[in-house]
Structure formats: C-alpha cells, structure tokens
1. Just to be sure, is residue 21 surrounded by 11 or more Cβ atoms within 10 Å (Cβ to Cβ) and on the phi > 0 side of the Ramachandran plot?
2. Please go through region 34-90 and pick out each residue that is β-branched (Val, Ile, Thr) and loosely packed, with under 11 Cβ neighbours inside 10 Å.
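Since every read-out is calculated from the coordinates, none of them should be taken as a lab result. If you're wondering where the values come from, they're calculated on a predicted model, not measured in any experiment. Counting neighbours? That spans all protein chains shown, and the Cβs are built from the backbone with ideal geometry, glycine included.
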Amino acid sequence: NVLGNKVFPNEVEEIINLFDGVVESKVYGQKHALLGEIVTADVQLATNSYFDPEQLIHHCRQLLSPFKIPQRINVVDYIDMTHSGKVRRA
C-alpha cells in the first residue's frame, strides 16, 4: 500500500522486465514513515549491460501510475526463484 493505493508486485515487475538489459526483477514494499510503504525493486541485469536507473524510472513513468513507480532500485546479482520459476517473495 502506498498512501492507501494497492500496488501489485507482478504488474510492476512485468514493466521493469521489459526494459533493455533487465533479466529479472523483484518488487516489494519497504516501510516509510510518511507514505506507509514505498515501492522498491531489486533488478538483475544481463552480463555487460549498461544500466541507468533514471532511464528505468522514465520507462516506468510511461507505463505505470505514479504511485507504482519504484522509489528505490537495487541492482542485485540474482533474483531468488522458487522451483516453479516464480519470484520468491519470503
């Protein structure tokens, strides 16, 4: 919930995963004193890909409602997946 608005991680991940150089992403809420939660994204990049977080934010602005745009982006080595190929949430 961001200011009472529901954000579904799968919806945001689908948009992030369309961005060039992104292999996989994981979106989750992170506690925030004023907003309740903010949207945070862990992003796994393809080998040797160029990545500019501002370009990813611009990409998200084109396709998502403002409250769904990640406030924080973390580049990670890998996204933990379940045996069935889904993003591990817990």
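1. Yes; evaluated as a whole, the condition is true for this residue.
2. 47, 82
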